[in-house]
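What follows is one structure encoded as structure tokens, with my remarks underneath.
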Amino acid sequence: MAARPRHNLGAPTSAFVGRVEELAGVRALMRRCRLVTLTGVGGCGKSRLADAVCRGILSSERDAPGDGVWWVDLGSVTAPEEVADACLRVYGIRREPDRDPVDTLCTQLADRDLLIGLDTCEHVLDAVADLTDRLLRSAPAVTLLVTSREPLGVAGEAVCRVPSLTAQDAVDLFRLRAQLAAGEAAVDGGDEDVAAICARVDRLPLAIELAASWTRILSPRQLLSGLDDRFRLLTGGSRRAIPRHQTLLASIAWSHDLLTAPEQVVFRRLAVFAGSFDLDGAAAVAGDQGGDSDEVVDLLGRLVDKSLVVCERAEHEVRYRLLDTVRHFGEDRLTAAGELSEVRDRHLEWCARRAESAAADPQDYDSWLASVHALGDNVRAALDWGLGDDEPRGELARRLAAAMVMPWMLTGRTHEGLGILRRALAPARDDALHERLLAGAGLIEMISGPVWEQPAIGAIDPERFVDPVARARGLMVDCFVTFFSDHAACEPRALAATAAAEAAGDGFCRDLSRVLAAFSLTARDRHAEAVAVARPALESSRARRDRFCTGFALCIEQYGAMQTGDLRRSVAIGREMVDEVAPLGDYFAIGTLTSNLTLALTLAGETPAARAIMRPIVQSVQTAPDVDVVGFQVAMGHVCLHDGEWEEALLWFQRGLRRLDHVSVDWTAARSIAGAVEALRRLGRTTEATELLDRGEHLGTAFESPQLRADLLTQRALLVSADDPAAAFDLHHAALAVRRDAGLRVFQPDSLDALVALTTHDHASEQAVRVLAAGSAARAAMGHPRSRTAEGEHDDVVRRLREALGDDTFARAWAEGSDLSLDEAVALVQRSRGARDRPRTGWASLTPTELEVVRLVAAGLSNTAIGQQLFMSRSTVKTHLGHVFEKLGASNRIEVAALASSRPAPQD
């Protein structure tokens, strides 16, 4: 998997000038204090100084933190509750539903060694103060560098006021920026004027840069005159504003007033952009209705030249933005001009058009998501403006929300998306757009938590939907919910959703529905069929560069390879699928696929690697029980079982079983039963283990899973082996037969080991050695070592056999067994069992299948239900029951159940 980057500092857009003493002072302060706040007036250079400090620390062998340097720009954050979310996004941490994001951040960074820069905090001061205080307490190796117009007031905070530039640094900065704007001759002979200009603006970097940009058309003397005039106009202003603030306003206002009238119009209209924008956005929002877009582009270029608009060059495009202080100034001018509502409406319309156009038929999901991500803050601002308002503004906002469903889902912004969609859905409307919003909310709820708690999922009725996209998505949500309770019913529903999505032209829904159909087969251990069903979805999603669907389609192949014994391939595909979805930052996909990779790593004996990749998942879900990552409980339970941590394993499996507090049938709970029984048995709590196994039988009936059935048979065999070895022998044989018939090769050596261990307690044979050797050879070929506990038990069996047979005989038999294939060893065991003496009547006379029939009769199951459980016809069940009646001397099912209930149970 790709190595995590060590920082997110972009390339500097211009040279950093001066500040030698400040750089050294802040660095020295940060060696003593973990929280340093740079304070000062807007435009004094706090952000540039902090950026330079971060870069210096990053490049220092002495001071560079092990986990890097991370910069969080809070300038566009509009609400205190968004502060922690901004930090989570920068560090690539997924937000957890129903959990305080600050808690999530503190948990994830608890053991990290890093420097975090928090920039522009004055407008969300309380939220930043709370976040930094909690981080200081919970993350001892995290250092924080903050920029704010006032201190945070947090214990342990070291405040460093950023002064104006020195006289020489100010002149150097002016000269450098003027030369960039107008060439080398821009300030020739104007040393005194330049120094005076810098003094007039209190040597504030932002004001100096704004003034220097005008050297293209004004001499330093003319610039100085303009500033003098502007200061005189401000002398009667508010005396509550600090002088430096007045000075900066003077510089910005003077720059604004020197613009032509058309430049002023475009400038103030651009202030509605909450984040960056492109030429199309500028033309749509800042131009006159029906006007010439080329004129807006030309005016935008002039504003860039005059440093009122910042130009940012990305790899394939150029984007623009207004500095925060400048943007607020522009908003004031927009309000004063009486244009605020009109221009915000244009901004909303542009966002909706761009989002809808991008979502219409994306052929490259990476590019699509990147383009929508660039809209980011603008989308939030547009939705805040439009939602809940009268039409047509509200209609535009609802359209924008509907177009953003997939980006929210695919990039892990589920909390944000659901909050907006639920606002857009109130009040309910009877139209196609409402259907899309409801289906979209269902899609996001599908991956955001337990489905039984989600309001949109409960309200979706896809058969009543008129809109084809909404209907297809509603059908997919329905089959996703069905998967966790009925795999057989899920398959046709998923295929119906696939067809509906194909007709609607929804490639994502088509491919994910097909993958869900494949998962319904995978869960029933029909792996070859599952791979065949998923393969078209894999090819299609790869062509669309849809990482979400590609990752889950790969999971079908990964899980099938694991179950059928190709563990090395399973681990390789598992790493590929996790790498595929990692850039999305989506909690559900990354967590679920990582859990499946963890299962393969555990079977491969690589539990340290399994724990390492699960650590961030576990840290997130430990204190958030409602977070729904499919199967993480099962994965962690098996890691702990493999390493002999019985109590920890039990806790994880019990977490999976707690889902039954809400529903009667659940796939995750079903997968947790055998592991929980194993842990209880290892802890000596066999009565509880037996009771749990008995209570869980209905789940074995609900799911047609050979693996589940074989695991339950194995656990029952282990529970009864001390008191009824013959029954245990038959149960192990039954489990082996299920595993053989279903092609579950990875678990067949477990059955062979169990049978040999059971028979060698009172009888040692060369055949037992051969079987044991064949199982060991199969494990080596598959890359499937025994667990720590199983290896110890295996060594005990080997010792008993070697002592009973002698070294030479044992070695010869072992060599012969090592040459057997797994299939040959299984066939050998099954043939030899047929020759075992069996009485004609009584419990010992029953075959493993007959014992299973008796157990299910005693549980109250009908012949039809027994047939579903044991994968046989109703008539075959009747035949087995006839044999049971004869061997036990019973006349009917009631007598069989009574005999079964009176049979002695294993004791602790």
Residue 633: of a type in the set (S, T, N, Q), closer than 27 Å to residue 109 by Cα and surrounded by 24 or more Cβ atoms within 10 Å (Cβ to Cβ), yes or no?
yes
Would you tally the residues in region 303-318 being over 27 Å from residue 174 (Cβ atoms) and modelled with pLDDT of 80 or more?
1
For the structure I just gave you, tell me whether residue 675 is in contact with a His (Cβ under 7 Å, 6 or more places away or on another chain) and either of a type in the set (A, V, I, L, M, F, W, C) or assigned to a helix (DSSP H, G or I) (or both).
yes
Okay, helices (runs of 4 or more DSSP H) sitting entirely in region 358-437 with 2 or more residues that are closer than 21 Å to residue 74 by Cα, I get 365-386, 414-424
Please state which of the following conditions residue 568 fails to meet, knowing it meets all the rest: (1) surrounded by fewer than 20 Cβ atoms within 10 Å (Cβ to Cβ); (2) over 23 Å from residue 747 (Cα atoms).
(2)
Going by the structure shown, is residue 379 in the same structural domain as residue 437 (by TED's automatic domain parsing), crowded, with 20+ Cβ neighbours inside 10 Å, at pLDDT below 90 and closer than 24 Å to residue 270 by Cβ?
no
Those residues of region 599-629 which are modelled with pLDDT of 90 or more and either part of a loop (DSSP other than H, G, I, E, B) or in contact with a Pro (Cβ under 7 Å, 6 or more places away or on another chain) (or both), in sequence order:
604, 605, 606
Regarding region 80-96, can at least one residue be identified that is surrounded by fewer than 19 Cβ atoms within 10 Å (Cβ to Cβ), in contact with an Asp or Glu (Cβ under 7 Å, 6 or more places away or on another chain) and farther than 20 Å from residue 6 by Cβ?
yes
So in region 6-46, with the set limited to residues that are part of a helix (DSSP H, G or I) and farther than 16 Å from residue 156 by Cα, which one is modelled with the lowest pLDDT?
46
Filter region 112-129 for residues that are in a helix (DSSP H, G or I), at pLDDT below 95 and either touching a Ser or Thr at 6+ places or on another chain (Cβ under 8 Å) or surrounded by fewer than 19 Cβ atoms within 10 Å (Cβ to Cβ) (or both) and give the result.
122, 123, 125, 126
With a cut-off of at least 2 residues that are at pLDDT below 80 and farther than 30 Å from residue 126 by Cβ, name the helices (runs of 4 or more DSSP H) lying wholly within region 153-228.
167-182
For region 438-452, the count of residues that are within 10 Å of residue 409 (Cα to Cα), of a type in the set (Gly, Ala, Ser) and in a helix (DSSP H, G or I) equals 2
What residue, of 421, 433, is surrounded by fewer than 23 Cβ atoms within 10 Å (Cβ to Cβ), at pLDDT 90 or above and more than 18 Å from the chain's Cα centre (by Cα)?
433
Assuming residue 688 fulfils every condition listed in (1) touching a residue at least 24 places away in the same chain (Cβ under 8 Å); (2) within 23 Å of residue 789 (Cβ to Cβ); (3) over 34 Å from the mean Cα position of the chain (by Cα) apart from one, which condition is it?
(1)
If you take the residues of region 282-294 that are closer than 10 Å to residue 266 by Cα and free of Cβ contacts under 8 Å to residues at least 60 places away in the same chain, which of them is surrounded by the most Cβ atoms within 10 Å (Cβ to Cβ)?
286
Based on this model, can you work out whether residue 663 counts as of a type in the set (A, V, I, L, M, F, W, C) and outside any helix (DSSP H, G or I)?
yes
Please enumerate the residues belonging to region 744-801 that are under 23 Å from residue 706 (Cβ atoms), of a type outside the set (A, V, I, L, M) and modelled with pLDDT of 95 or more.
745, 747, 748, 749, 750, 751, 753, 775, 779, 783, 784, 786
Search region 710-729 for residues that are within 18 Å of residue 740 (Cβ to Cβ) and pair each with any residue that is β-branched (Val, Ile, Thr) and modelled with pLDDT under 90 when their beta-carbon atoms are under 8 Å apart and the residues are at least 6 apart or on different chains.
729/759
What number of residues within region 295-305 satisfy the criterion of being within 24 Å of residue 183 (Cα to Cα) and crowded, with 21+ Cβ neighbours inside 10 Å?
3
Would you be able to tell me the number of residues in region 684-705 that are closer than 16 Å to residue 735 by Cβ, touching a Lys or Arg at 6+ places or on another chain (Cβ under 7 Å) and assigned to a helix (DSSP H, G or I)?
2
Select, from 75, 18, 45, the only residue that is crowded, with 18+ Cβ neighbours inside 10 Å and under 31 Å from the mean Cα position of the chain (by Cα).
75
Which residue out of 85, 103, 98 is in a loop (DSSP other than H, G, I, E, B) and under 28 Å from the mean Cα position of the chain (by Cα)?
98
Filter result for the condition that a residue is under 20 Å from residue 552 (Cβ atoms) and not assigned by TED's automatic domain parsing to the domain that holds residue 90, over 427, 450, 455
450
Scan region 329-339 residue by residue and report those that are touching a residue at least 40 places away in the same chain (Cβ under 8 Å) and either of a type in the set (A, V, I, L, M, F, W, C) or out of contact with any helix residue (DSSP H, G or I) (no Cβ under 8 Å at 6 or more places or on another chain) (or both).
329, 334, 337
Any idea how many residues of region 130-150 are closer than 10 Å to residue 35 by Cβ and outside any strand (DSSP E or B)?
4
Can you confirm whether residue 449 is touching a Gly at 6+ places or on another chain (Cβ under 6 Å) and either hydrophobic (A, V, I, L, M, F, W, C) or modelled with pLDDT under 90 (or both)?
no
Return only the number of the condition from (1) under 29 Å from residue 399 (Cβ atoms); (2) among the hydrophobic types (A, V, I, L, M, F, W, C); (3) out of contact with any helix residue (DSSP H, G or I) (no Cβ under 8 Å at 6 or more places or on another chain) that residue 452 does not satisfy.
(1)
I'd like to verify a number: residues in region 12-63 that are farther than 23 Å from residue 207 by Cα and either free of Cβ contacts under 8 Å to residues at least 24 places away in the same chain or touching an Asp or Glu at 6+ places or on another chain (Cβ under 9 Å) (or both), how many?
14
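The values are calculated or read from the model by the stated rules, or taken from the named source; none is laboratory data. Because the structure is a prediction, the values reported are computed rather than measured. Backbone-built Cβ (ideal geometry, glycine too); neighbour counts: all protein chains shown.
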